[in-house]
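Novice: My questions will all concern the structure given below.
The values are calculated or read from the model by the stated rules, or taken from the named source; none is laboratory data. The structure displayed is predicted, hence computed values, not measured ones. Every residue, glycine as well, gets a Cβ built from its backbone with ideal geometry; the counts of neighbours run over all protein chains shown. The area values use the complete protein model at the heavy-atom level, side chains included, leaving out ligands, DNA and RNA. Shrake-Rupley method; radii C 1.70, N 1.55, O 1.52, S 1.80 Å.
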Amino acid sequence: MTSYAVCADVGSTWTKVAVVDLDGGALLGASAAATTAGTDVLHGLDAAVAAATAGLPGAASAPWYVCSSAGGGLRLAVLGYEELITARAGHQVGLSAGARVVHVGAGRLDGAGLAALRAARPDVVLLVGGTDGGDAEVLTGNAGRLARARWRVPVVVAGNAEAAGAVRELLAGRGVPVTVAGNVLPRIGVLAARPARAAIREVFLRHVIGGKRLSRGSRFAGLVRAATPDAVLAGVEVLADEAGGDLLVVDVGGATTDVYSVLVPDERAGGPGRPAAGTLWRARTVEGDLGMRWSAPGVVDAAAAERLLAPGERESLAAVAAGLAADPGRLVPGGAERSAEQRIAALAAVVAVRRHARGGGAAGQPARDLRDVRLLVGSGGVLRHAGAAAVAGVLDGVLTDHAGGWPLPRAARPVVDARYVLAAAGLLAEPHPAAAAGLLRRHLSTG
């Protein structure tokens, strides 16, 4: 009997399921169903799994690996010591953990800062500050401010290791849910993402999934193993190891466009000119104003600001974008509206990659050198369900963006994650690494 696993991504709009052969990584079945967040997400998940496993023996005993971004996914706030160093490092780590960073604060937390933090409605706060053995005054001061404010949102402490124990006691003593992880910036120029990323994932699973009220009972919370972007990044990392070179992924979604890049570490980055906040060689950025449904109007605005639109194009695209945002669940039938949708997708991809490559953003993200990217992967429903010409229009736009202000990849091969295997591979990366690698070799060939 074939040994297989059920991998599922419960998204905000659609629930996607892939059934993977654990012996060789073959895709045995796949399906999608509307996410039933309005009632219970298990209704849609169970339906999608039943469709994907139909006719497969032993379906009842196959293990499930589930990730989720339903209910808005993971909303993270970062509080750091200094904007250009620890706050930037925390922001990068938060994105790599699969979070949408909704607030970044630096320095002492005052009344206005606390009000802004509350207004951002984070699911988790990442509290950072100070290198190991360095200044701990801001880190402990901000913890004290949260404690006195009767803060109840979970806090992950990933700052000065020598002060972390005292900070934990300060927060826990006032009833704040707190988890301590290794310092994201143990010393200047060294960015250590993995401990904080693992802690954020654990807090997401323990506190956030159940708190979203996506399902009655505890079964769904017990199934979920990661936030969807965290699982996708894990899949991207496996693919990069298989490809053996720099890799770029553009995921054009309904609400955001996410860009992932994995770069081979450059030994020259350790010199005097290295970033003080360190370099995250495996990174993700999230563009909350670029999407195919809820944030489609933002794509048109951003493209206009980047001077990507032809004369008169803004008005026609804005009308279509407004319709997509007003009715996110509607499928575009075809014709002129479908062409406009594909144009919006191409613009979202180009603008998102420009931002990822050029750097900038709320915490001053560093630029990414993508010249050596060998493989460009496109993802998202708008690409999976498009024809070859439409897909080429989106990915070629990224690879020929000569006016974007960033050096283009010199020799990148474009491919589409048509079977939605990146998330599945990410879910299998730790428990079944050979199956994860085999799945990606089969469906996102690096040859």
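Novice: Ordering Ser31, Ser12 from largest to smallest accessible area (1.4 angstrom probe), what's the sequence?
Specialist: Ser12, Ser31
Novice: What share of the DSSP beta bridges in the chain is antiparallel, in percent to the nearest 5? Don't skip to the answer; put the middle values down first.
Specialist: Numbers: 28 of 62 bridges.
Here the share of antiparallel DSSP bridges comes out near 45 percent.
Novice: Apply 1/(1 + (r/R0)^6) to the Cβ-Cβ distance of Ile188 and Arg152, taking R0 = 41 Å, and write down the FRET efficiency to the nearest 0.05.
Specialist: Values: r = 34 Å, r/R0 = 0.82.
The computed FRET efficiency comes out at 0.75.
Novice: Continuing with the same structure: Could you work out the equivalent-ellipsoid semi-axes for the stretch 1-138, taking the square root of 5 times each eigenvalue of the Cα gyration tensor, largest first, in whole Å?
Specialist: Details: eigenvalues 352, 66, 17 Å².
The three semi-axes for the stretch 1-138 are 42, 18, 9 Å.
Novice: Mean separation of Cα pairs under 8 Å and 6+ residues apart, divided by the residue count of the chain: what relative contact order is that in percent?
Specialist: Working: 982 pairs, mean separation 71.4, N = 447.
So the answer I get is 16 percent.
Novice: Moving on. With point charges of +1 on the Cβ of Lys and Arg and -1 on the Cβ of Asp and Glu, referenced to the Cα centre of the chain, which listed residue (Leu239, Leu191, Val176) lies farthest in the positive direction of the dipole?
Specialist: Highest projection toward the positive end goes to Val176.
Novice: To continue, here is another question. In the stretch 282-377, what trypsin sites (Lys or Arg not before Pro) fall in a loop by DSSP, with at most 11 other Cβ atoms inside 10 Å? Present the calculation step by step, with values, prior to reporting the outcome.
Specialist: Numbers: sites: Arg282, Arg284, Arg293, Arg307, Arg314, Arg330, Arg338, Arg343, Arg354, Arg355, Arg358, Arg368, Arg371, Arg374; in loops: Arg293, Arg307, Arg330, Arg368, Arg371.
Listed in order of number, the matching sites are Arg307, Arg330.
Novice: Which whole-percent values make up P(r) of the chain when all C-alpha to C-alpha distances are grouped in 10 Å steps starting at zero?
Specialist: 4, 21, 30, 27, 14, 3, 0
Novice: Give the residue from Ala37, Ala302, Ala349 lying farthest towards the positive end of the charge dipole for the chain; charges sit on Cβ (+1 for Lys and Arg, -1 for Asp and Glu) and the dipole is referred to the Cα centre.
Specialist: Ala37
Novice: If you take the beta carbon distance between Val264 and Asp396 as r and set R0 to 25 Å, what does 1/(1 + (r/R0)^6) give as a FRET efficiency, to the nearest 0.05?
Specialist: Numbers: r = 25 Å, r/R0 = 0.98.
Taking R0 as 25 Å, the efficiency between Val264 and Asp396 is 0.55.
Novice: At what distance in nm do the modelled label points of Ser339 and Ala120 sit from each other, each positioned 7 Å from its Cα along Cα→Cβ?
Specialist: 4.3 nm
Novice: In addition: Put a dot 7 Å past each Cα toward the Cβ at Asp369 and Arg330; how far apart are the dots in nm?
Specialist: 4.8 nm
Novice: At a 1.4 Å probe radius, which order do Tyr81, Tyr4 fall into by accessible area, largest first? Walk me through the numbers before you get to the answer.
Specialist: Values: Tyr81 85, Tyr4 10 Å².
Descending order: Tyr81, Tyr4.
Novice: Now for a different question. Report the extension gain between Arg108 and Leu408 in nm, rounded to one decimal, defined as 0.36 nm multiplied by the number of residues separating them, less their alpha carbon distance.
Specialist: Details: separation 300, 0.36 × 300 = 108.00 nm, distance 4.00 nm.
Result: 104.0 nm gained on full extension.
Novice: Using 0.36 nm per residue of separation minus the Cα-Cα distance, give me the extension gain between Asp46 and Asp301 in nm, one decimal.
Specialist: Details: separation 255, 0.36 × 255 = 91.80 nm, distance 3.89 nm.
Length gained, Asp46 through Asp301: 87.9 nm.
Novice: Considering the alpha-carbon set of the stretch 93-201 alone, what are its Rg and its Dmax in angstrom?
Specialist: 12.7, 34
Novice: What's the Kirkwood radius of the stretch 302-447 in Å, using all Cα pairs? Could the numbers behind the result be given before it?
Specialist: On the way: mean 1/r = 0.0585 Å⁻¹.
Kirkwood radius, the stretch 302-447: 17.1 Å.
Novice: Which helices, taking whole DSSP H runs in the chain, have alpha carbons extending 27 angstrom or more along the helix axis plus mean Kyte-Doolittle at least -0.5? Present the calculation step by step, with values, prior to reporting the outcome.
Specialist: On the way: long enough: 335-358 (35 Å, -0.09).
Helices meeting the criterion: 335-358.
Novice: Hey, what number do you get for the chain at 222 nm if only DSSP H runs of n ≥ 4 count, each worth -39500 (n - 2.57), divided across all residues, to the nearest 500? Before the final figure, lay out each step's value.
Specialist: On the way: 15 runs with 169 residues, N = 447.
Value at 222 nm, helices only: -11500 deg cm²/dmol.
Novice: Stretch Ala59-Ala434 to full length: gain in nm at 0.36 nm per residue minus the Cα-Cα span? Kindly include the intermediate steps, with their values, before the conclusion.
Specialist: Numbers: separation 375, 0.36 × 375 = 135.00 nm, distance 2.12 nm.
Here the answer is 132.9 nm.
Novice: Shifting gears a bit: Which shape class applies to the stretch 169-319: rounded if a/c is under 1.5, otherwise prolate when a/b exceeds b/c and oblate if not, where a ≥ b ≥ c are the square roots of the Cα gyration tensor eigenvalues? Intermediate results must be reported in sequence, preceding the final value.
Specialist: On the way: a/c = 1.90, a/b = 1.20, b/c = 1.59.
Oblate shape, in that a/c is at least 1.5 and b/c is the bigger or equal ratio.
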